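Have a look at the structure below, then the notes.
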Amino acid sequence: MNATMRAMILELLASPLRPAELPLPTLEANTLLIKVEACGICRTDLHLIDGELPDPLLPIIPGHEIVGRVAAIGSAVKGFHIDQRVGVPWLGWTCGICHFCTHDQENLCDQARFTGYQINGGYAEYTLADAHYCFPLPNAGDAAELAPLLCAGLIGYRALRLAGDAQRIGLYGFGAAAHIVAQVLKFQGREFYAFTRPGDFASQEFAAGLGAAWAGDSGQEPPEKLAAALIFAPVGALVPVALGHLEKGGSVVCAGIHMSDIPAFPYQLLWGERQIRSVANLTRRDGEEFLDLAQQVPIRTEVRRFPLEQANEALLQLRRGEFQGAAVLELL
């Protein structure tokens, strides 16, 4: 094992990542040293870089959709072995003793720390992660195709859980998360309606290919009222739009960590026991349930691959919406 590693670092907000050669992180009692195989690029990474998230740890190695192999094991860690494939998600540590942690809501822990935000992440050849928050992954399969499951998949799954048993679901913003949720909905026999940026016919075609009952612009009216809407695009103006397409008793679930301001809207849109909810982070239970479900479906992710040193280009293409599915850094 080399004593140093390649990494991409965020040193200043609103600035490109800088390539660097860094010492390997030091193994601690409860941690795994992981040789990264692939790391997905998430819209949250853009929010981090743009300064839209509070209190980031700088400098920081971004990346929280990590797939890799265990390279070293801390003295207090049980249940993992060398060369085992593991996944590292957004949730990197919680206190374990607060009201939220002890009531199956660790995603709301006020002391929580997050991978690629307050804990160095996966835009590097190696990363260090608390073993309690790592998920065993199948040894077989393409690491790059597994990586988007660790956030796009997990957050999409939590958003879907909050939508209950709704049978007609609108997906606003048909990117990495939506194309995974779409496959879950198809597997479960539920209908989904895809809403994209105006004129984004490529994404509409992509959604249709995954089985959408309908695909169109976010401003268009779907052919039927929706039982729920999941908003993955960070656009607050979509909330009243989605509310207007809901049947009574339906819910709008805002699935991003950051969203532009929601404009004022008439109470009539909310009346009829409609509701608006947000998704915050994930729990380890979400991860266990979703990764099991992902194998049952089985989920196939659409990925665009980039080498580590092209992280800035990958982020730019994500910002511009230049590909379908997810972007992933591969570390060969």
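What follows is calculated from the coordinates using simple rules that are stated; it is not laboratory data. Only a predicted model underlies this, so the values are computations on that prediction, with no experimental measurement involved. Positions of Cβ are generated from backbone atoms using ideal geometry, with glycine treated the same way; all protein chains shown enter the neighbour counts.
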request  = Report, to the nearest 10°, how far helix 152-162 tilts away from the longest principal axis of the Cα atoms in the chain, using its own Cα long axis and a range of 0 to 90°.
outcome  = 50
message = Just to confirm the filter: which GluC sites (Glu not before Pro) across segment 161-233 are DSSP coil and have at most 15 other Cβ within 10 angstrom of their Cβ?
response = Glu224
ask   = Which ordering of Arg274, Arg284 is given by a fewest-first count of other beta-carbon atoms within 10 Å?
value = Arg284, Arg274
note = At the level of C-alpha centres, the distance separating segment 81-116 and segment 1-16, in angstrom, is 24
request  = Compute the signed sum of charges (Lys and Arg +1, Asp and Glu -1) over the other residues within less than 9 Å, Cβ to Cβ, of Phe192.
outcome  = +2
key: Given charges at Cβ of Lys, Arg, Asp, Glu: the chain dipole, positive-most of Ile73, Ile49, Asn139   = Asn139
task = Consider just the alpha-carbon atoms of segment 240-332 and return their Rg together with their Dmax, both in angstrom.
result = 18.3, 55
ask   = If you stretched the chain out fully between Thr4 and Arg284, how much longer would it get, using 0.36 nm times the residue separation minus the C-alpha to C-alpha distance?
value = 97.7 nm
key: Segments 174-181, 286-293 sorted - mean Cβ within 10 Å per residue, highest first   = 174-181, 286-293
request  = Please give, to one decimal in nm, the separation of the simple spin-label points placed at Ile262 and Ala208, each 7 Å out from Cα toward the Cβ.
outcome  = 3.3
remark   = segment 157-249: spread of alpha-carbon positions along the three principal axes, whole Å, largest first, is 31, 27, 24
request  = Could you check what % of the DSSP bridge pairs in the chain are antiparallel, to the nearest 5?
outcome  = 55
Within the chain, helix-based [θ] at 222 nm, where runs of 4 or more DSSP H residues each add -39,500 (n - 2.57), nearest 500 = -6500 deg cm²/dmol
ask   = Can you work out ³J(HN,Hα) from phi for every residue in segment 25-32, in order, using Karplus 6.51 cos²θ - 1.76 cosθ + 1.60 and θ = phi - 60°, giving whole Hz and x for Gly and Pro?
value = x, 7, 4, 10, 4, 9, 10, 10
inquiry  = Rounded to whole Å, give me the distance from the Cα center of segment 24-53 to that of segment 237-291.
reply    = 27
query = Tell me which aspartates and glutamates have Cα within less than 16 Å of Lys35's Cα, excluding those fewer than 8 residues away on the same chain?
reply = Glu21, Glu65, Asp83, Glu125, Asp130, Asp142, Glu330
ask   = If you add up the charges near Ile49, with Lys and Arg at +1 and Asp and Glu at -1, over every other residue whose beta carbon is less than 13 angstrom from its beta carbon, what do you get?
value = -1
